[in-house]
Amino acid sequence: MSKPSQFDFDFIIIGSGFGGSVSAHRLTEKGYKVAVMEMGRRWGPDNLPSTSWSIHRWFWRPKLGLRGFFNMRIFRHVTIFHGCAVGGGSVTYAGTLLQPVKKVWESGPWAGLADWKTEMPTHYETAERMLGITENKILGPADYLLHRTADASGCGHTFYHTRVGIFQPTNGEPGGQTLPDPFLGGEGRERTTCIACGGCIMGCRYNAKNTLDLNYLYLAEKHGAQIFPETKVIDVKPINGRSDGCAGYEVETVTSTAWIHRQPRRFTCYAVVFAASSLGTMELLFRLREKGSLPAVSAQLGQHVRTNSESIIGARVPGCREDLSQGIAIGSGVYIDEHTHVEAVRYPRGSDTMSLLTTILTDGRPGSRRIALWLRNILVSLLRHPIKSWFLFRPQGWAREAVILLCMQAVDGEIQMRWRRLWFWPFRKFLVSGGDKVPTYIPQANQFAKKFAEVAGGTAMSTLPEILFDVPGTAHCIGGCVIADSPAHGVVDSRHHVFGYENMYICDGSVIAANLGVNPSLTITALAERAMSFVRPAPAKAWESRVRE
Ligand SMILES: Cc1cc2nc3c(=O)[nH]c(=O)nc-3n(C[C@H](O)[C@H](O)[C@H](O)COP(=O)(O)OP(=O)(O)OC[C@H]3O[C@@H](n4cnc5c(N)ncnc54)[C@H](O)[C@@H]3O)c2cc1C
Ligand code: SF4
């Protein structure tokens, strides 16, 4: 069957994060007419906020007038932090790009479906080249403290410099130098070297972090892909009388930042790539299955959601002589035991709002006893050391004086996401979490935070949601539409085709079927590279229906 031409686009990609950007670039390269629908805004050095106090330019809650690039969703089992922008999570991410250990391919529903260990290295290599990954050469005071703490805890030999997607100065050169494209063989934009301001998580205002709009998306757009920012996809349905999508799809969008005139638009296409992140793709697919647009999506939707078993702890050193915000956002890490990985994270000077979520570290099993212990600790601190406590809890100076220790465990633990009505708001359904709780208390991590505080001369910290509600925080939500052998076990096959539909793919963190134990973006990128490598170049594509063949 030759390719008819009555469609607006060959492929419509929903979301412009890691999976979406790779898909956009590779499909454009293969000769397809591609559109990328992205509900977030475009960001660059001229409009990124200088600190997190510019809440309206940092946080994403368009109905409240907040049109930033960072979102936080609170569920009963987990608080999920994620990005929302042209370039997806890359605008707010720390730039740490690590490969997981090979045994992640041996567990979970994707095990045995491909020769992952042989295939993936090539795709990781391509992803590393495109994302411009190098070993971090910029260590700040927080990294040296991490190293000293690791030495004092007997795991100093595991200290490593992170691998990052940041344009670093060559040895000895000062940062801030603008040079021709260093990463994309001269096809990319000129870039400026990193000045170690620690601001990666607030978005790089110095053109040094390798965000997707500077690599994959940049090339996709340069070669013809059309990016629609502030455009939210609200419906996807098969058309032309074929319910399996083999005759194309209609994609409906609205303006994500509009209050009243939401400008509904409809586009047609042959093929769709869902790349709206683990949370975004799950939410959209649940809604579309419920309303009957995509009723055949597997009942496994929402299963095997993983939070990388994370715990966010840290330390604050009031009156610290050094500026702990200096360096890059995540400059180094250590392995405190076989399963437990800790990274030193920082916010840029002045970005003190996260202090509102932090409090004194409190040990013990979650529940009322831990809350009581925490209240006692606060009271004792206030009564015994009122001035010290004031300096410990005040927001001002938090980013300069604090280090977050991001603890990730490579042990398995998963939750489910469901589409339910809430008892207090029964008028519509929402995404809600279910299953066993992921532990918020990792004793060895707390021990390490205390040692860190001792070495730094400060106080160990934890986050309020973990203590009060036993809810861990994560920036690394993955799974929910996992790769499997059949719809009985997952939502997509090993080439990312959605079970039950033709010419429909998922390329984002939702397909990951095991706990990676490291930050996931490099794996999402490499998996998307692999998925796109199976799509034939445009002239040869038959738009085949597997049903009809
Ligand atoms: C503060 C922070 C720091 C992080 N640091 C790191 C790090 O150092 N290393 C690392 O590996 N990972 C890091 N992460 C995690 C990383 O950002 C995510 O794992 C990654 O971005 C996920 O990629 P993705 O392709 O699944 O989707 P995303 O990159 O999340 O992109 C999905 C996009 O889809 C859009 N979207 C969603 N729904 C719709 C819709 N209906 N219509 C249109 N568009 C839609 C969203 O706006 C978003 O832009 C960090 C995350 C945060 C929040
Ligand atoms: S440390 Fe500062 S200059 Fe360097 S990449 Fe991060 S935000 Fe950009």
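Roughly how many whole Å is it from the C-alpha centroid of region 281-350 to that of region 509-528? Computed from Cα coordinates, the inter-centre distance equals 12 Å.
Under Stokes-Einstein, with the Kirkwood radius over Cα pairs standing in for Rh, what whole-number D in µm²/s applies to region 134-243 at 25 °C and 0.890 mPa s?
Estimated via Stokes-Einstein, D reaches 141 µm²/s.
Calculated on the alpha-carbon coordinates, the convex hull of the chain measures out at 149 cubic angstrom per residue. Under a straight-distance cross-link criterion of Cα-Cα below 21 Å, which lysines are reachable from LYS232, leaving out those fewer than 8 residues away in the same chain? List returned: LYS33, LYS63, LYS291, LYS429.
How large is the Rg to Rh ratio of region 390-549 when both quantities use alpha carbon positions and Rh follows Kirkwood? Show your work: numbers first, answer last.
Details: Rg = 21.6 Å, Rh = 19.7 Å.
Expressed as Rg/Rh, it is 1.10.
In the chain, the longest principal axis of the Cα atoms and the axis of helix 277-291 are about 50 degrees apart. Computed from Cα atoms, the angle from the helix 116-131 axis to the main principal axis of the chain rounds to 80 degrees. With the convex hull drawn over the C-alpha atoms of region 73-164, the volume per residue is 194 Å³.
The lysines whose alpha-carbon is closer than 24 Å to the alpha-carbon of LYS102, local same-chain residues fewer than 8 away aside, are LYS117.
Helix 141-152 and the longest principal axis of the Cα set of the chain meet at an angle near 70°.
Antiparallel beta bridges, as assigned by DSSP with both residues in the chain, represent about 75 percent of the total such bridges.
Here the translational diffusion coefficient of region 402-490 follows from Stokes-Einstein with Rh set to the Kirkwood radius across Cα pairs; for 37 °C and 0.692 mPa s it amounts to 202 µm²/s. Ranked from largest, the principal axis spans of the Cα set of region 217-320 equal 67, 37, 34 Å.
From least to most packed, judged by other beta carbons within 10 angstrom and beginning with the fewest, THR253, THR211 follow the order THR253, THR211. Dividing the C-alpha radius of gyration of region 372-411 by 2.2 N^0.38 Å, with N its residue count, gives 1.55. Relative contact order, whole percent, for region 220-349 stands at 13, derived from Cα pairs under 8 Å and 6 or more residues apart.
Per residue, the average separation of C-alpha pairs within less than 8 Å and at least 6 apart gives region 139-266 a relative contact order of 13 percent. The alpha carbon centroids of region 175-235 and region 64-131 are separated by 18 Å. Helical content of the chain, expressed as a calculated mean residue ellipticity at 222 nm, amounts to -7000 deg cm²/dmol (DSSP H runs of 4 or more residues, -39,500 (n - 2.57) each, divided by residue number, nearest 500). For the chain, the relative contact order works out to 24 percent when only alpha carbon pairs closer than 8 Å and six or more residues apart are counted. Along the charge dipole of region 150-262, Cβ charges K/R +1 and D/E -1, which of TYR160, VAL254, THR178 sits furthest on the positive end? Going by the charge dipole, the pick is VAL254. Rounded, prolate or oblate, given the Cα gyration tensor of region 18-140, with a/c below 1.5 counting as rounded? Prolate shape, in that a/c is at least 1.5 and a/b is the bigger ratio. Using the Cα coordinates of region 346-412, the gyration tensor eigenvalues translate into equivalent-ellipsoid semi-axes of 22, 21, 8 Å, sorted from longest to shortest.
Since every read-out is calculated from the coordinates, none of them should be taken as a lab result. Not measured: the values here are computed from a predicted model. Glycine gets a Cβ as well: all are built from the backbone with ideal geometry, and neighbour counts include every protein chain shown.
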